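In what follows, a single structure is set out as structure tokens and then discussed.
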Amino acid sequence: MAWIKHKISSERYEAAAVFDVNGDGIPDIVSGAYWYAGPDFAEKYKICDVQAEGEYFDDFSDVGLDVNGDGRLDIVTGGWFGRTLRWRENPGTTGPWTVHDIDECGCIETIRLFDIDGCGTPEIFPNTPGNPQACYKLLQDGNGRGRGLFRRHVLYDAPSGHGMGFADVDGDGRVDLLLANGWLRQPDAGPWSGPWDFHPEYDCGFSAASVPILGHDVNGDGRTDLIVGHAHGYGLAWLEQQGTESGGRRFVRHVIDGDHAQFHDLQLADVDGDGMLELVTGKRWRAHCGGDPGDNDDVFIYCYRIDGGRFTREVIDEGPAGSGEHSGVGIWFALADLAGRGRLDLVAPGKEGLFWFENVPDPISVAGHGTEPPLREREGRMDRCNLFDWP
């Protein structure tokens, strides 16, 4: 397996999403103030102005959701500095997008979407570390189309902390909410029936947990384990769920990687097509503008084969930070099939630029690119591409 690296832009936004913006059936890339038209992403179009704050932009997620029911995916976003959850209305053209405020909910580390009630449309969960854990449900008409309005539900009235994820921890068939130092159990009567009970049964061991914290049966024993990174320091770990003699739960912590820092975003996906999930993650470069341990170390994107808890690291990209030649994964990266091969490519935003890693099925020689050249060469628009073979 190999990855062909394309640098799409030097823009410094830290979130990116992939969806068909203009309805032509071809995936596009959305990142910050711009969207990039597929299949080669050479043309970019302005979405709206995004507030700059020093090295940051107040855009800590870019998530596709049809908010107003017009059949086009809009963008749900929010940021730390503006303290406001927003959606950007997709006009279906190359013109500007109208920005709508949803709620001033506090400093937003990032957001995640999850269909917590099984209605078929995901709800919005902002991670607001100093504020109560809330969820925003899109209101729909009788045909199931979004109305552009949201209802706020407070699930937990204490500060939620840095870190959030979704998993059925206790095996009751209902998805619970993962926080950095414990989990919130979904009520038996459903997510909107009342407050969620907090269970402080684990501690991630990091001062700032990743968003997301992942739930996954790592060792195949039928229990949900947790995978978590240190978003603002060194470390990547998994927490093994075990039973106790009293019938309760305990979590035993195992280090996956203690030598690298700023694991802010993590995803589980089958990137090599073998039917098994891999852990894909990387560095959020200068997550605190040089103020964190390891903030200025080399950037990297890694894939970890899980193999029952024996995590094996494989390199997608790594190299000197700030060179413009190498990438981490920012605060929100995307996995999607951009080249039409049925394989997941990787779109990596960050302060180092916006990159697309094309997932090719077989090793390709640098000189001749084998029998299947990279997409941009096939399209006659070959940009600088570097090849990274997995060892």
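The values are calculated or read from the model by the stated rules, or taken from the named source; none is laboratory data. Nothing here was measured: the structure is a model prediction, and the numbers come from that model. Cβ atoms come from the backbone with ideal geometry, glycine included; neighbour counts cover every protein chain shown. To get the accessible areas, we keep the full protein, side chains included, count just its heavy atoms, and leave off ligands, DNA and RNA. Shrake-Rupley method; radii C 1.70, N 1.55, O 1.52, S 1.80 Å.
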Expressed in angstrom and rounded, the centroid-to-centroid distance over alpha carbons for the stretch 1-47 and the stretch 63-119 is 18 Å
The extension gain from Ala158 to Arg305, computed as 0.36 nm times the residue separation minus the Cα-Cα distance, is 49.3 nm
Share of accessible surface on carbon and sulfur in the chain, whole %, 1.4 Å probe and ligands ignored, is 45 percent
Row for the stretch 1-108, column shape: gyration tensor on C-alpha, a ≥ b ≥ c, rounded if a/c < 1.5 i.e. under 1.5, prolate if a/b over b/c, else oblate; value oblate
For Asn131, the net charge from surrounding residues (Cβ-Cβ under 10 Å; K, R +1; D, E -1) works out to 0
In the stretch 173-266, taking the dipole from +1 charges on Lys and Arg beta carbons and -1 charges on Asp and Glu beta carbons about the Cα centre, the listed residue (Leu266, Leu179, Pro195) farthest towards the positive end is Pro195
The summed charge of the Thr84 Cβ neighbourhood (under 10 Å; Lys/Arg +1, Asp/Glu -1) stands at -2
The answer for Asp270, listing residues at least 5 apart or on another chain whose modeled amide H is closer than 5 Å to its amide H, is Glu278
Per the chain, sqrt(5λ) over the Cα gyration tensor eigenvalues, sorted largest first, in Å, gives 31, 27, 20
The relative contact order of the chain, taking Cα pairs under 8 Å that sit 6 or more residues apart, comes to a percentage of 16 percent
Everything considered on the Cα gyration tensor (a ≥ b ≥ c; rounded for a/c under 1.5, else prolate if a/b is larger than b/c, else oblate), the stretch 234-299 must be described as oblate
Computed over the stretch 13-85, the relative contact order (Cα-Cα under 8 Å, seq sep at least six) in percent reads 25 percent
Taking a straight Cα-to-Cα line shorter than 20 Å from Lys283, and setting aside same-chain lysines fewer than 8 residues away, one finds Lys5, Lys7, Lys351
DSSP beta bridges in the stretch 199-308: the antiparallel percent, rounded to 5, is 100 percent
Heavy-atom accessible area per residue of the stretch 168-242, all protein chains kept, 1.4 Å probe, expressed in Å², is 34 Å²
Binned at 10 Å from zero, the C-alpha pair distances of the stretch 82-162 give percents of 17, 45, 31, 7, 0
Per the helix-only model, the chain has a calculated mean residue ellipticity at 222 nm (DSSP H runs of ≥4, -39500 (n - 2.57) each, divided over all residues, rounded to the nearest 500) of 0 deg cm²/dmol
Highest mean packing first, using Cβ neighbours within 10 angstrom, the peptides 138-147, 57-66, 111-120 sort as 57-66, 111-120, 138-147
Restricting to Cα pairs under 8 Å and 6 or more apart, the percent relative contact order of the stretch 292-335 works out to 36 percent
Row for the stretch 163-237, column shape: gyration tensor on C-alpha, a ≥ b ≥ c, rounded if a/c < 1.5 i.e. under 1.5, prolate if a/b over b/c, else oblate; value oblate
Given 213-225, 328-340, 344-356, the highest-first ranking by average Cβ count within 10 Å works out to 344-356, 328-340, 213-225
